Amino acid sequence: MEIPYAVKARPDTGLYNAKVGIWLFLASEVMLFGALFCSYILLRVNAPEGMWPHHWLNIWLGMTNTIVLILSSVTVVMGWASLKMGQFNRYKFYQGITILCALIFLGIKSFEYHDKFIHYKVTLKDGRVADGHLQPAETTLPVAWHLQPVIVDGNLAKGAKPTDKVVLEGWWPKDEVALMNPPLEHKTENIEIPASQIKTMENYGPWHNTYTAIYFVLTGLHALHVIAGCIVIFAIWGPLAKVWEQDPERYINRVEVSGLFWHFVDLVWIFLFPVLYLL
């Protein structure tokens, strides 16, 4: 039994089934990300003055990822256009670049996440705050201690000794406002802190504050969409390539539908980049 309108357009919508389906799916995606963006706006405008983080993300890495995704959108279109002209090998080349761009994007995002998980805010018992990146080669606390997001009231992890220390490559913010709004360039130093002097120690994971929570939710959800889109594009590009010989029009439709999803993923990032990195 042949499913109607799997290739040809429906008379009522002028679209084939898969294209109707992807537009309905993208409408639900707009509602999902729209709700998250609205949440971000409400959280930000209601934050106390001076207490919303700035300059916590690397703008150049975000810009690089933006360029990578824009390039991938171009190659998706070029791949689809190549199929329309019957140039399958050229399509394979362009979609190969798209997949490579997706992997580059995910690699850069993984680096950014890792940077946040080794970035610590350490509050001392005398009230001072040190902020910087943990230096595991020089820190003498047990590895298990490093992995805990919060160390409270100077309680040492099992196996730690009073002589253990934490070493950060960082700086000493004068107050909480300075910590939230660090200068673009500030002098860093190796800061050695004895474990016995630490009151709290927390990395910049999603539990750290409102900003990091919504940063990880928005970018993490987007990264999942990049992974899903990359898997679909790769499946069509590789294992399902034989469909091109059996039914070229159906194959072109699959490429077009996956391309529409990929354009949406790119568009979401174009909004995420200025909102999280620049504003």
Segment 191-218 residues that are over 13 Å from Asp131 (Cβ atoms), paired with ones that are among the basic types (Lys, Arg) and part of a loop (DSSP other than H, G, I, E, B) (beta carbon under 6 Å, 6 or more apart): Gln197/Lys125; Lys199/Lys125
Tally, over segment 128-157, of residues that are closer than 28 Å to Leu224 by Cβ, at pLDDT below 85 and either in contact with a Leu (Cβ under 9 Å, 6 or more places away or on another chain) or part of a strand (DSSP E or B) (or both): 2
Looking only at segment 64-88, and only at residues there that are within 19 Å of Leu260 (Cβ to Cβ) and of a type outside the set (A, V, I, L, M), the one that is surrounded by the fewest Cβ atoms within 10 Å (Cβ to Cβ): Lys84
Residue in segment 162-184 that is surrounded by fewer than 16 Cβ atoms within 10 Å (Cβ to Cβ), under 21 Å from Val30 (Cα atoms) and either of a type outside the set (Val, Ile, Thr) or in contact with a helix residue (DSSP H, G or I) (Cβ under 9 Å, 6 or more places away or on another chain) (or both) present: no
Test: residue in segment 99-118 that is farther than 30 Å from Ala241 by Cβ and either in contact with a His (Cβ under 6 Å, 6 or more places away or on another chain) or assigned to a strand (DSSP E or B) (or both): yes
Residues (more than 16 Å from His119 (Cβ to Cβ) and either in the same structural domain as Leu57 (by TED's automatic domain parsing) or in contact (Cβ under 8 Å) with a residue 60 or more places away in the chain (or both)) located in segment 161-180: Glu176, Val177
Count - residues of segment 96-127 that are under 13 Å from Met201 (Cβ atoms) and at pLDDT 95 or above: 0
Residues of segment 84-127 satisfying the condition of being among the hydroxyl-bearing types (Ser, Thr, Tyr), under 12 Å from the mean Cα position of the chain (by Cα) and farther than 16 Å from His225 by Cα: Tyr113
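The values are calculated or read from the model by the stated rules, or taken from the named source; none is laboratory data. Bear in mind the structure is a predicted one, so any value in this text is a computation, not a measurement. Virtual Cβ from ideal backbone geometry, glycine too; neighbours counted across all protein chains shown.
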